[in-house]
1. Between Glu29 and Gln51, with labels modelled 7 Å along Cα→Cβ, what's the label distance in nm to one decimal, could you check?
2. Calculate, for Glu67 and Cys104, the FRET efficiency according to 1/(1 + (r/R0)^6) with r their C-beta to C-beta distance and R0 22 Å; round to the nearest 0.05.
3. Under the Karplus relation 6.51 cos²θ - 1.76 cosθ + 1.60, θ = phi - 60°, what is the ordered set of whole-Hz ³J(HN,Hα) values for segment 49-62, x standing for Gly and Pro?
4. Just to be sure I understand the model, the point goes 7 Å from the Cα along the line to the Cβ. What's the resulting Asp37 to Val93 distance in nm?
Amino acid sequence: MKLRLLLLSALIASLTAGCTWVKLSPQGEEARVLRPDQVSSCKPLGTTTVQVAATVLGIPRPRRDVEHDLQALARNTVQKNGGDTIVPEGQPVNGSQTFAMYRCINP
């Protein structure tokens, strides 16, 4: 029984490693991720909080994959709100992260 559980856990971990599930929209591909000191001349558009699965069947997803998916969601969202740039506000927590949205090109 323990061996079966161990093998199942290893299989799930290997299947989720390197898996990103959020695809950038064509508009999202144009959005940029910048630091706060790089948006001083941009027009602020508010914030967006996005969320993705941080675990799969109780097994934590790799941090890199969670961050990639969060940024992809935020980049897709900023374009829908008339912006072109996002700035992370803090670190991801339990698969959730807030981003400031800006219009930097033709503000």
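Derivation of every value follows stated rules applied to the coordinates shown; laboratory data play no part. Source: prediction; values computed, not measured. Neighbour counts are summed over all protein chains in view; Cβ atoms, including those assigned to glycine, are modelled from backbone coordinates with ideal geometry.
1. 3.0
2. Numbers: r = 22 Å, r/R0 = 0.98.
With R0 = 22 Å, the Cβ-Cβ based efficiency is 0.55.
3. Here the 3J(HN,Hα) series is 10, 10, 9, 9, 5, 8, 9, 10, 6, x, 9, x, 6, x Hz.
4. Result for the modelled spin labels: 2.6 nm.
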